[in-house]
1. With a 1.4 Å probe and all protein chains kept in place, how much accessible area does residue 34 have, in Å² rounded to the nearest 10?
2. Sort 69-78, 37-46 for me by packing, meaning the mean count of neighbouring Cβ atoms within 10 Å per residue, highest on top.
Amino acid sequence: MRPGGAGPAGPTADAGVRWRLRGGVRLGHDTVRDTGVLLHPEGVLLLNETGAAVLALCDGATDEHALTGALARTYASVPAGEVRAFLAELARRRLIEPSPGPPEHTGG
């Protein structure tokens, strides 16, 4: 996943948190290095395959529990705690943020 850090910080205690990329931040691919990248106003963060997969699921609709479940189905050796620490570090760096409020239901 890559960005190491001092451990969890921010609003990751609730597995119901739905993360999204902050404004001005986008997920991309560096064709020269053949690796995922997180582009932000201050620079570029190189990602490994699982880090890019985590961020692809940070769509503002997928909660952290569903995100870790989806990763577990694809990557057998990625512990949920490691994913939460990665998300916490990205939140600390202000690259991702919790999505505001629950998804709205229409009709019914």
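The values are calculated or read from the model by the stated rules, or taken from the named source; none is laboratory data. Because the structure is predicted, anything quoted here is derived from the model rather than measured. Positions of Cβ are backbone-derived with ideal geometry, glycine not excepted, and every protein chain shown enters the neighbour counts. What goes into the accessible areas is simple: the full protein's heavy atoms, side chains included, and nothing from ligands, DNA or RNA. Shrake-Rupley method; radii C 1.70, N 1.55, O 1.52, S 1.80 Å.
1. Around 120 Å² of this residue is reachable by solvent.
2. Taking the mean over residues of other Cβ atoms within 10 Å, the ranking is 37-46, 69-78.
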